[in-house]
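Taken together, the values in this text are just the output of simple stated rules run on the coordinates, not laboratory data. Given the structure is predicted, the values throughout are model-derived calculations rather than measurements.
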Amino acid sequence: MKIKLSKIAYARSGDKGDGSNVGIAAYTDKGYAFLKQELTPERVKKHFTSICFGEVDRYEMPNIRALNFILHDSLGGGGSESLKTDAQGKTHGPGLLYMEVEVDSLDGLIA
């Protein structure tokens, strides 16, 4: 079945200059293992293809069941340079939670 990541995780995001960071944390250990397997930098870049023009780096934080992604060149120059109405990374976390993933079952993925 297909689900949105918001079923199994929550997110926080922000910005630094022209890049944004997106932290996504699973509710359960099984959910974290799933995120580690499914959320590759390539997949996150593809999800944000219309706004992320640079590389995507991934950092693992197993002690808090989280992954942090840095989306380079994703803010049109940053808040003070961009012509975008809101060139901030605050919305990128919720944006990642809209990603749909395929799961066999929700057992162990939700708290």
- request: Specify the angular offset, from 0 to 90 degrees and rounded to the nearest 10, of the alpha carbon long axis of helix 29-38 from the longest principal axis of the alpha carbons in the chain.
  value: 50 degrees
field: Phi to ³J(HN,Hα) by Karplus 6.51 cos²θ - 1.76 cosθ + 1.60 over the stretch 94-106, Hz, x for Gly, Pro
entry: x, x, 5, 5, 7, 4, 9, 10, 9, 10, 6, 7, 8
Helix-only CD estimate at 222 nm, as mean residue ellipticity for the chain, using -39500 (n - 2.57) per DSSP H run (n ≥ 4): -5500 deg cm²/dmol
query: What is the P(r) of the chain, as percent of Cα-Cα pairs per 10 Å bin from 0?
result: 16, 48, 27, 9, 1
- line: Along the stretch 62-68, Karplus-curve 3J(HN,Hα) (6.51, -1.76, 1.60; θ = phi - 60°) to the nearest Hz, with x for Gly and Pro, reads x, 5, 10, 6, 10, 10, 10
